[in-house]
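Enquirer: Pasting a structure below so you can have a look.
The values are calculated or read from the model by the stated rules, or taken from the named source; none is laboratory data. Only a predicted model underlies this, so the values are computations on that prediction, with no experimental measurement involved. For neighbour counting, all protein chains shown are included, and Cβ atoms are generated from backbone atoms with ideal geometry for every residue, glycine included. Side chains included, ligands, DNA and RNA excluded: accessible areas come from the protein's heavy atoms. Shrake-Rupley method; radii C 1.70, N 1.55, O 1.52, S 1.80 Å.
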Amino acid sequence: MKHDKENIMVILSSPSGVGKTTLTKKIQQKYKNFKISVSHTTRTPRSNEVDGVDYHFVSKEKFKELIDKEKFYEYAKIFENYYGTLKSIVDETIKENDILFDIDWQGTKQLSKFKNLNLIKIYLITDKKELKSRLIKRNQNTDEEVKKRFDSFDEDIKHWNDYDYIIINQHLENCFRQIENIIEINKTNNFSFQKTQ
Ligand code: 5GP
């Protein structure tokens, strides 16, 4: 479908544990017009996660059915689980809102092929040493999962070149300010932009 060029789609990608989720929430709090794209996943929910809010949690069978019916703009296998973005959700949301995607480099590559999407691609990176302590501190993954996520860092950062902006997340507020600048530059011609601060 043809999308309204006034609304933008911001992709935030990073190696696991760089602080994307916190930043995504901050963006949504500040810019009320932004909706976070809620992905489908076959991953088991974490204790603090809510179905339909953090993800749509589905079985592998259901996910496969959605792939076969070509319902996804993009999907990827990450750490043994599948994650994907439904076309119908994006096409409906973009009519009224800007969209924020927290997806990986594989999904970004696939979304980039749809020339009708008004994408702004941001890659967040952090110091590798700091990353390990963050992954352990957030206490959401088993030791084995932390190792897998940490080990994927080198592979992940090879794809920085597919993005429009690269931000180093050393200090959360600085990082957020840079994202604000990117959003505002890209929204300058949109008079209906609702900024709350
Ligand atoms: P987590 O399991 O920590 O919630 O997410 C793991 C990774 O999956 C993160 O890097 C996140 O950006 C990525 N991810 C979440 N949803 C999607 C999606 O719909 N598509 C793709 N390609 N990646 C996703």
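Enquirer: Restricting attention to region 2-22, report how many residues are in contact with a helix residue (DSSP H, G or I) (Cβ under 6 Å, 6 or more places away or on another chain) and within 16 Å of the ligand (Cβ to nearest atom).
Expert: Residues meeting the conditions: 7.
Enquirer: Among all residue pairs at least 6 apart or on different chains, which show Cβ distances below 7 Å where the first residue, located in region 48-77, is within 18 Å of D104 (Cα to Cα) and in contact (Cβ under 8 Å) with a residue 40 or more places away in the chain and the second is open to solvent by less than 30 Å² (accessible area, probe 1.4 Å) and not aliphatic (A, V, I, L, M)?
Expert: Note: pairs meeting the criteria are Y73/T85.
Enquirer: Please give the number of the condition E130 fails out of (1) under 27 Å from N33 (Cβ atoms); (2) free of Cβ contacts under 8 Å to residues at least 60 places away in the same chain.
Expert: (1)
Enquirer: Please go through region 138-161 and pick out each residue that is in a helix (DSSP H, G or I), modelled with pLDDT of 85 or more and open to solvent by 100 Å² or more (accessible area, probe 1.4 Å).
Expert: Hits for region 138-161 are W160, N161.
Enquirer: Still on this structure: For region 96-116, name all the residues that are closer than 20 Å to V53 by Cα, open to solvent by 10 Å² or more (accessible area, probe 1.4 Å) and more than 12 Å from the ligand (Cβ to nearest atom).
Expert: Residues satisfying the conditions are E96, N97.
Enquirer: Ok, one more. So, I36, is that one under 17 Å from the mean Cα position of the chain (by Cα) and either free of Cβ contacts under 8 Å to residues at least 40 places away in the same chain or farther than 23 Å from E155 by Cα (or both) or not?
Expert: Criteria met by I36.
Enquirer: Looking at region 41-65 only, could you name the residues that are open to solvent by less than 100 Å² (accessible area, probe 1.4 Å) and over 20 Å from the mean Cα position of the chain (by Cα)?
Expert: S59, K62, E65
Enquirer: Okay, next question. In region 1-104, which strands (runs of 3 or more DSSP E) lie fully inside it and hold 3 or more residues that are in contact with a Phe, Trp or Tyr (Cβ under 9 Å, 6 or more places away or on another chain)?
Expert: Passing ranges, in order: 9-13, 72-78, 81-86, 98-102.
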